[in-house]
1. Just order 101-114, 74-87 by mean Cβ neighbour count inside 10 Å, highest at the front, would you?
2. Which whole-Hz couplings ³J(HN,Hα) result when phi for each residue of segment 280-287 is put into the Karplus expression 6.51 cos²θ - 1.76 cosθ + 1.60, θ = phi - 60°, listed in order with x for Gly and Pro?
3. Just the projected area, averaged over all directions, of the convex hull on the alpha carbon atoms of segment 25-159: how many nm²?
4. Evaluate E = 1/(1 + (r/R0)^6) for LYS225 and ASN361, where r is the Cβ-Cβ distance and R0 equals 51 Å; express this FRET efficiency to the nearest 0.05.
5. Sort ARG41, ARG342, ARG401, ARG176 from largest to smallest accessible area, using a 1.4 Å probe on the heavy atoms of the protein chains.
6. Run down the lysines and flag those whose C-alpha is under 21 Å from the C-alpha of LYS281, throwing out any fewer than 8 positions away in its chain.
7. When ligands, DNA and RNA are left out and all protein chains stay put, how many square angstrom of accessible area per residue does segment 123-211 have with a 1.4 Å probe?
8. Once each part is reduced to its C-alpha centroid, what is the distance from segment 96-132 to segment 386-402 in angstrom?
Amino acid sequence: MITYEEALKIVLEKTKPLGNEKVFIHQALNRILAKDIYADRDNPPADNSGMDGFAVRHEDIIGASEDNPVPLKIIGESKAGDLPPKLEKGTAIPIYTGALIPEGADTIIQKELTKVEGNTVFILKELKKGANIREKGGDYKAGDLLIPKGKRLRPAEIGVLSSVNKATVYVKQVPRVGIITTGDEILDIGENITKESQIRTSNTYSLYTQVLETGAIPTIIGFAKDNPEDIKEKLKWAKNCDVLLTTGGVSVGEYDLVKDFVSKELNVDIHFWKVSIKPGKPVAFGTWGGEGEKIFFGIPGNPVASMVVYEILVKPAIKKMMGYQNPENKIFTGILTEDFKRKSADRLEFIRAYVEYKEDNFYVKPFSKQASNMLTSMVSANALVFVDKDIHQIEAGEKVRFILFDREI
């Protein structure tokens, strides 16, 4: 068996980013930008006001205070989108936030520091020259790089795209992920249970939503029984996918057929099978397609193992396909709140835990039930904690490494 670190390295080395496509910006949220975005002009395009108030000449308001208010004659008006009149000596022009600075003005006095009587405004405080003026190009200048390629497009980036007149944008393509569930004992939602040995699928829909949450496009190809004909039939549909995920059928049992059939039917080149991790040891990874641009994961059938393998190996691969420059899971460090013990320590184990952030630290509470068939333990968990090989016990207060899969902490 190879180590988790070796497996992740192989996955990321063999996985290739997809090509580019053009989309409208309202469809680009959370997509990865494929081409640099540059400013088409200065922003602001001209000096403008940062306040509602009055545009004045600084030399006219020297010494102004509540005890010594300076009177100025009110002329004209400057609204956003209008061309204001020229400011003359001894005058002031009412101005609104975002409006152009009138010719001759060099300072903006906010409304709260003035008092208006008829056609006269009294300035109640002297401000420094240039106060409350947003200078031309203060945000960015024409030709500046605003958003580099490889950036995930959030609402802020979408706003910038709009401000530089980009109705469409080039982004990395999103992979199509096909999911095949295998096993004679597996039933879909709504099917009647006729034998005690039958169980309803959980992997199908947990994987589907994990893929969806990552930002890719999941498709349930179907349920394959443990026979060659059924598996071959389902694999025909996989040819339309960029990523094939199968759950079950990859361990060493007599009916674990998937690994062999993907090699024969899809010409998948298997790069590893079995990783020294718990849960999820019998995981297979391969590439296929014309130049190995498609990927395959054979995921264990145990529900927790399925979700864990997705988080630690499949998700980084899909994110690399989507164009993420750093697709690996971010690893955090926290303080264990309770002792954790285990009997077997022959593999790296990812244990379920609940993490809280308080008093400038992450606090990690491990769960006592860690069996890979206990899916309900994932309901209360928001993190996977690394317990390294040969470590039988970690005491409360020790620091541990973990991956967050639920950001709401």
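The values are calculated or read from the model by the stated rules, or taken from the named source; none is laboratory data. All values reported here derive from a predicted model rather than from experimental measurement. Positions of Cβ are generated from backbone atoms using ideal geometry, with glycine treated the same way; all protein chains shown enter the neighbour counts. Quick note on the areas: whole protein, heavy atoms, side chains included, nothing else; ligands and nucleic acids left out. Shrake-Rupley method; radii C 1.70, N 1.55, O 1.52, S 1.80 Å.
1. Details: 101-114: 20.1, 74-87: 15.5.
Per-residue mean Cβ counts within 10 Å order the peptides as 101-114, 74-87.
2. Once θ is set to phi - 60°, the couplings for segment 280-287 become x, 3, x, 10, 10, 9, x, 10 Hz.
3. 9.7 nm²
4. Numbers: r = 50 Å, r/R0 = 0.98.
After rounding, the FRET efficiency stands at 0.55.
5. Per-residue accessible area, sorted high to low, gives ARG41, ARG176, ARG401, ARG342.
6. LYS9, LYS14, LYS259, LYS315, LYS341, LYS343, LYS369, LYS389
7. Working: 4950 Å² over 89 residues.
Result: 56 Å² per residue.
8. Going from one Cα centre to the other spans 63 Å.
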